[in-house]
Amino acid sequence: MLYCNPGFAVRINELSERDSDAMLDYLFEHQLQMKFRYTNQWAGNDLLIWDHLGTLHRAIADYGPDEIRLIRRCQVLANRVFDPEFLRPARALEAAGVA
């Protein structure tokens, strides 16, 4: 995953300033395409969950001052990337009908 948020990323240190600007422009343009955008049409009792590490989130003020907007944030701290091999023993047991 590449963290490249147009609101925060200003430079790629390993590139020249010109190449950095060009690469960031390319990445911003790519990730902001409409085909990657999701806009929720809210209804009563909706619950929306997203992965903040892999998502650019921008709230739209599409609600009035008399409408309740309750936000909760859950953050999982990790010191390494998830290794899919961790699940291999459990999946093997499940396939064998043991789990």
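The values are calculated or read from the model by the stated rules, or taken from the named source; none is laboratory data. For clarity, every value in this text was computed on a predicted model and none was experimentally measured. Cβ placement follows ideal geometry from the backbone for every residue including glycine, while neighbour counts extend to all protein chains displayed.
One residue stands out among those in region 52-91 that are aromatic (Phe, Trp, Tyr) and more than 20 Å from Asn40 (Cβ to Cβ): the one that is farthest from the chain's Cα centre (by Cα), which is Phe86. Inside region 18-44, residues that are loosely packed, with under 12 Cβ neighbours inside 10 Å, of a type outside the set (Lys, Arg) and closer than 14 Å to Leu56 by Cβ make up a count of 8. Across region 68-99, the number of residues qualifying as closer than 30 Å to Gln33 by Cβ and either modelled with pLDDT of 85 or more or part of a loop (DSSP other than H, G, I, E, B) (or both) comes to 10.
Within region 36-68, track down each residue that is touching a residue at least 40 places away in the same chain (Cβ under 8 Å) and of a type in the set (A, V, I, L, M, F, W, C). Outline the logic, then answer.
Filtering region 36-68 down to residues touching a residue at least 40 places away in the same chain (Cβ under 8 Å) leaves 53-54, 56.
Scanning region 36-68 gives Leu53, Leu56.
All of (1) more than 24 Å from Pro6 (Cα to Cα); (2) surrounded by 10 or more Cβ atoms within 10 Å (Cβ to Cβ); (3) of a type in the set (Asp, Glu) hold for Asp66 with one exception: (2). Do you know which of the residues in region 1-34 that are part of a loop (DSSP other than H, G, I, E, B), out of contact with any helix residue (DSSP H, G or I) (no Cβ under 8 Å at 6 or more places or on another chain) and small (Gly, Ala, Ser) is modelled with the highest pLDDT? Among residues in region 1-34 that are part of a loop (DSSP other than H, G, I, E, B), out of contact with any helix residue (DSSP H, G or I) (no Cβ under 8 Å at 6 or more places or on another chain) and small (Gly, Ala, Ser), the one modelled with the highest pLDDT is Ser16.
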